[in-house]
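Asks: First the structure, which I've put down as structure tokens, then a few questions once you've had a look.
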Amino acid sequence: MKKITFAFVTLAVTTSVFAQFPQRPPTPNDTLKSVRQLADGKVKFSIYAPKASEVTVSGDFPNGFPAAKLQKDEVGVWSFTTATRVSPNVYTYDFNVDGLKVFDPKNAQYKESNSGFSNLFEVKGAENDFQTLKDVPHGKIEKVLYKSTALEGASRRLHVYLPPNYDEISKKEKLPVLYLFHGGGDNDASWTTIGRANLILDNLYAQGKLKPMIVVMPAGHTHIQGFFMGAGAQQDPFCRDMIQDVIPFVEKTYPVSNKREHRAIAGLSMGGIQAINLALWHPDLFSQVFPMSTGYFPNAIAEIKEKYGDVMRNKTINSFKNFKIYMGGEADIAYQNNLNMMKMFDEFGIKYTYENGVGAHTFLAWRQNLKDFAPLLFK
């Protein structure tokens, strides 16, 4: 009887304690799902903002640019449904409430950039299979800090992807390195959030299509002024950081090879020009180059022709095992600049290959590019 009485006493005290906390009235937000794929394949976006006067959503999904206006219902939920079916892929989106960009509190999936965060969502399907999370051996992602002597001693961050079974592999051999650059506005985390580089590589490894390698994703923006889309590595502080600090740091910290044939470089948009500048001005350091959705502006082309003809005629450039340029179709904002750049390359006799795809100037194109060129590396 004493045990039973004690249990009732405890229950009474507990109930009394909980009763002291005010209960929040339920709202539609409690069960709201912010992104839903409907039966017809369209996607519906929703956000609870009962006091807002205008809400929009934008992103790289169909109908996502320019921003679409959401409609408010009687309980304060704003919604927008795409006009067409959304194909399997990974997409970004941003809510804007009364002029303020709002991170979706109902969705923990996000893209990190240099200026903040955007949400993302995935539509499952066969077309998306190469970049989705699967039951395969996974690599590791490390966030690493290093000191940049080239950038006034600043502490800098980079992301490093280590392949599956890295601990065992690294004991037997020195690994090759892919240096993978982001674009303007993004940062060193972008390739492993919206870029899904780790999942793409995991899946390629599982299919036996990749040679083990380390992938280094540095931060392309710096606090030092410089023309990062200009002609030549010396105009861009990041390029100096790469040569003076990043590559030496990686080769000191990880069991990697320091041979030219074991270094490759790739980048998109701003990072594409950075990759080209490093490769053309330092062709002795890299054996493979993969620029994506990029091209010199007309003033940079004029400067190269006037000042750097000797650089362009360096015979080592044409010893790259792969120099492949990717474009995201005619809708890519870098399309014309790229045509101009390739024409200049032709004039100097620089050999390259070119693939014009789809996806415009977004990760819809760049994830496909990574899937395409990664199996070419270090074979």
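The values are calculated or read from the model by the stated rules, or taken from the named source; none is laboratory data. Every value quoted in this text rests on a predicted model; they were computed, and no experiment measured them. A quick note on method: Cβ atoms are made from the backbone with ideal geometry, for glycine too, and the neighbour counts reach across all protein chains shown. Just the protein is used for accessible areas: all its heavy atoms, side chains included, with ligands, DNA and RNA removed. Shrake-Rupley method; radii C 1.70, N 1.55, O 1.52, S 1.80 Å.
Asks: So is residue 24 open to solvent by 30 Å² or more (accessible area, probe 1.4 Å), without any contact (Cβ under 8 Å) to a residue 24 or more places away in the chain and touching a strand residue (DSSP E or B) at 6+ places or on another chain (Cβ under 6 Å) or not?
Replies: No: the conditions fail for residue 24.
Asks: Also, I was wondering about something else. Filter region 50-65 down to the residues that are assigned to a strand (DSSP E or B) and of a type outside the set (Gly, Ala, Ser), then identify the one that is surrounded by the fewest Cβ atoms within 10 Å (Cβ to Cβ).
Replies: Among them, the one singled out is 56.
Asks: Scan region 310-333 and give yes if some residue there is hydroxyl-bearing (Ser, Thr, Tyr), at pLDDT 95 or above, more than 26 Å from residue 378 (Cα to Cα) and surrounded by 13 or more Cβ atoms within 10 Å (Cβ to Cβ), otherwise no.
Replies: no
Asks: Let me ask something else about it. Being within 14 Å of residue 276 (Cα to Cα), part of a loop (DSSP other than H, G, I, E, B) and in contact (Cβ under 8 Å) with a residue 12 or more places away in the chain narrows it down to one of 379, 351, 324, so name that one.
Replies: 351
Asks: Of all residues in region 290-304, how many are in contact with a Gly (Cβ under 7 Å, 6 or more places away or on another chain) and either open to solvent by 10 Å² or more (accessible area, probe 1.4 Å) or more than 10 Å from residue 341 (Cα to Cα) (or both)?
Replies: Result for region 290-304: 3.
Asks: Right, another one. Could we say that residue 253 is open to solvent by 10 Å² or more (accessible area, probe 1.4 Å), in contact with a strand residue (DSSP E or B) (Cβ under 8 Å, 6 or more places away or on another chain), among the β-branched types (Val, Ile, Thr) and under 26 Å from residue 89 (Cβ atoms) here?
Replies: no
Asks: If I ask for residues that are open to solvent by 10 Å² or more (accessible area, probe 1.4 Å) and either part of a helix (DSSP H, G or I) or touching a His at 6+ places or on another chain (Cβ under 8 Å) (or both), which ones from region 229-243 would you list?
Replies: 234, 235, 240, 243
Asks: Name the strands (runs of 3 or more DSSP E) wholly within region 132-192 that hold at least 3 residues that are of a type outside the set (A, V, I, L, M), open to solvent by 70 Å² or more (accessible area, probe 1.4 Å) and at pLDDT 95 or above?
Replies: Correct list: 140-148.
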